[in-house]
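Here's the structure we're looking at; comments come further down.
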Amino acid sequence: MGRCLMLLSSSVMWRSRWTILMVMFYCMSVGTTRSCLQFEYVLRRDQEEECCPKCVPGYRVKTDCTESQSTSCTACDGGTYMDKYNGEKQCFQCLNCAEGTGLREISSCKFDQNTVCEPLEGFFCVSGSANRCVAAQQHSTCAPGQYISRAGTSSTDTVCGDCSEGTFSNGTFMSCQNHTQCSRLQQPGTIYADSVCLEGLTAAEVAGLVIGTLLILSCVSVILIVKMRRHKNCNYVR
């Protein structure tokens, strides 16, 4: 920065517009972020930037590099990890695959690798990938009057569809079912439930059937009595 000020003051003395612009461009380029190599990180010290060697996976920066020594690294503590070359002062916290999160553990956390989780049965991943999931959500349930158009997977939610007229579903069917056709209907079907058919006879129908049977039996009895009397009369005449 001091060099820039000296150049600017000199350029003012020169009174050259182009010289002043070139000096200002140089100062701006010097003030930009320094570009370090792939395995180095930028260290800002005393308003200046330096490049320090990164720590390998499984380790973090303990002390930054100086002019006389390289970066000092230390291993990640238990429950933490670092899976890349880095200039971090802290390792990352291991993912918890507890059952209450909708996840289950496939591979435990190591100093250079995070815990590997996947969704439980009935859950799908909402963050990460199916076998490296960091957050899961329970599959949606279809409401009565809907059917399961597409069942949920470990990476997608359940998709529901609506039943059309003349069909029904309680929300658990893979397709809507046609209403039962009743010869004697007690309750018509809806999109939520099937038709309800009458089973057996009503009390009035039973009473009518009994009365009809009694009448028939009475008629038959009368006919038999009449026939018996005629038969007796015929025998008497002989």
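Of the residues screened, Cys117 is one that is open to solvent by less than 40 Å² (accessible area, probe 1.4 Å), under 22 Å from Gly58 (Cα atoms) and in contact with a helix residue (DSSP H, G or I) (Cβ under 9 Å, 6 or more places away or on another chain).
Can you find, within region 68-85, the residue that is farthest from the chain's Cα centre (by Cα) among those that are farther than 22 Å from Val134 by Cα and outside any loop (DSSP other than H, G, I, E, B)? Ranking the candidates gives Ser72 first.
Let me confirm something: among Arg34, Arg44, which residue is over 29 Å from Cys117 (Cβ atoms), assigned to a loop (DSSP other than H, G, I, E, B) and at pLDDT below 95? None of the others qualify; the one that does is Arg34.
Could you tell me which of the residues Cys52, Cys65 is assigned to a loop (DSSP other than H, G, I, E, B) and either at pLDDT below 95 or more than 21 Å from Gln113 (Cα to Cα) (or both)?
Result of the check over Cys52, Cys65: Cys65.
Take the conditions (1) open to solvent by 70 Å² or more (accessible area, probe 1.4 Å); (2) in a strand (DSSP E or B); (3) at pLDDT 95 or above; Gln186 misses just one of them, which is (3). When Ser127, Ser155, Ser195 are screened for being without any contact (Cβ under 8 Å) to a residue 24 or more places away in the chain, among the hydroxyl-bearing types (Ser, Thr, Tyr) and surrounded by 13 or more Cβ atoms within 10 Å (Cβ to Cβ), only Ser195 passes. Inspect all residues belonging to region 90-106 and state whether any of them is open to solvent by less than 70 Å² (accessible area, probe 1.4 Å), out of contact with any Cys (no Cβ under 9 Å at 6 or more places or on another chain) and at pLDDT 95 or above. Within region 90-106 (the criterion being open to solvent by less than 70 Å² (accessible area, probe 1.4 Å), out of contact with any Cys (no Cβ under 9 Å at 6 or more places or on another chain) and at pLDDT 95 or above), the answer is no, since none of the residues qualifies.
Within region 158-178, if we keep just the residues that are part of a loop (DSSP other than H, G, I, E, B) and open to solvent by less than 30 Å² (accessible area, probe 1.4 Å), the residue that is farthest from Leu103 (Cα to Cα) turns out to be Cys163. Scanning region 59-81 for residues that are in contact with a Gly (Cβ under 7 Å, 6 or more places away or on another chain), crowded, with 18+ Cβ neighbours inside 10 Å, of a type in the set (Phe, Trp, Tyr) and more than 26 Å from Thr158 (Cβ to Cβ) turns up nothing.
Would you confirm whether or not region 91-110 contains a residue that is of a type outside the set (D, E, K, R), out of contact with any Asp or Glu (no Cβ under 7 Å at 6 or more places or on another chain), touching a residue at least 12 places away in the same chain (Cβ under 8 Å) and under 30 Å from Ser164 (Cα atoms)? No, because not a single residue in region 91-110 is of a type outside the set (D, E, K, R), out of contact with any Asp or Glu (no Cβ under 7 Å at 6 or more places or on another chain), touching a residue at least 12 places away in the same chain (Cβ under 8 Å) and under 30 Å from Ser164 (Cα atoms).
The values are calculated or read from the model by the stated rules, or taken from the named source; none is laboratory data. Computed from a prediction, not measured in an experiment: that's the story for all the values here. Quick reminder, even Gly has a Cβ in these numbers, built from the backbone with ideal geometry, and neighbours come from all protein chains shown. Side chains included, ligands, DNA and RNA excluded: accessible areas come from the protein's heavy atoms. Shrake-Rupley method; radii C 1.70, N 1.55, O 1.52, S 1.80 Å.
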